[in-house]
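Taking it in order: structure first as structure tokens, then the write-up.
The values are calculated or read from the model by the stated rules, or taken from the named source; none is laboratory data. Please read these numbers as outputs of a predicted model, since none were measured by experiment. Reconstructed Cβ throughout: ideal geometry from the backbone, glycine too, with neighbour counts over all protein chains shown. Quick note on the areas: whole protein, heavy atoms, side chains included, nothing else; ligands and nucleic acids left out. Shrake-Rupley method; radii C 1.70, N 1.55, O 1.52, S 1.80 Å.
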Amino acid sequence: MEGVSTTGEIERVTSYEKVKGFWTISRERFMEDVLIDDQSLMFNLKGKGLVIVSGCAHAGIVNTAAHSKKVMGADKVYALVGGFHLAGADKKRIRLTADDLLKVDPEFIYPCHCTGRKASRILKKAFGDRCETLKTGDAIEL
Ligand SMILES: [Fe+2]
């Protein structure tokens, strides 16, 4: 559908958005799984900008935003919605993520799922009214 796409495999550019703790079996051996198949849904909202819905953001939410803009040829990210995969992340990574997301400058962010409470608190503090944490059953109007 025009203006709607999935990211496909997301380019991993940031130094701090590393996937840890997942395993797979390859050639009969346990191997660390970097979940290269992680992807997000993107759509252009007319007159507003790009909306990115991450499933779990294993590739990193900052990488996801940058890759999405590139794939869609978009200048403006309007909203980021979904799991930012920061549950269990240390404060340094969360801080770096918040700083880089501020540079992405979305109008709104809606962290949920695997974002984690600590990261959600820090993101709320960084984005103020532009950040709303979501829980199961919530609805948002864009
Ligand atoms: Fe996740």
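Numerical summary
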{"read-out": "³J(HN,Hα), Karplus 6.51/-1.76/1.60, whole Hz, each residue of the stretch 110-122, x for Gly, Pro", "value": "10, x, 7, 6, 8, 5, x, 5, 4, 5, 4, 4, 5"}
{"read-out": "Only Lys, Arg (+1) and Asp, Glu (-1) charged, at Cβ; the stretch 1-81 dipole about Cα centre in debye", "value": "280"}
{"read-out": "Qualifying GluC sites (Glu not before Pro) in the stretch 1-35, DSSP loop, other Cβ atoms within 10 Å at most 12", "value": "Glu2, Glu9, Glu28"}
{"read-out": "Solvent exposure ordering (accessible area, 1.4 Å, most first) of Met31, Met42, Met1, Met72", "value": "Met1, Met31, Met72, Met42"}
{"read-out": "Helix-only CD estimate at 222 nm, as mean residue ellipticity for the chain, using -39500 (n - 2.57) per DSSP H run (n ≥ 4)", "value": "-8000 deg cm²/dmol"}
{"read-out": "Loop chymotrypsin sites (Phe, Trp or Tyr not before Pro), the stretch 15-78 (other Cβ atoms within 10 Å of the site Cβ: 12 or fewer; DSSP)", "value": "Phe22"}
{"read-out": "Alpha-carbon centroid distance for the pair the stretch 1-53 / the stretch 62-114, whole angstrom", "value": "12"}
{"read-out": "Entries in Lys48/Lys118; Lys20/Lys70; Lys46/Lys92; Lys70/Lys124; Lys20/Lys125; Lys92/Lys124 that, when Cα-Cα distance is taken, lie over 24 Å", "value": "Lys48/Lys118; Lys20/Lys70; Lys46/Lys92; Lys70/Lys124; Lys20/Lys125"}
{"read-out": "Distant-in-sequence amide H partners of Cys131 (H built 1.01 Å from N, under 5 Å)", "value": "Ile109"}
{"read-out": "Nearest-ten-degree value, helix 61-72 long axis tilted from longest Cα axis of the chain", "value": "70"}
{"read-out": "Protein accessible area in the chain, 1.4 Å probe - carbon and sulfur %", "value": "53"}
{"read-out": "Summed side-chain charge close to Leu102 - residues other than Leu102 whose Cβ falls under 12 Å, Lys, Arg +1, Asp, Glu -1", "value": "+1"}
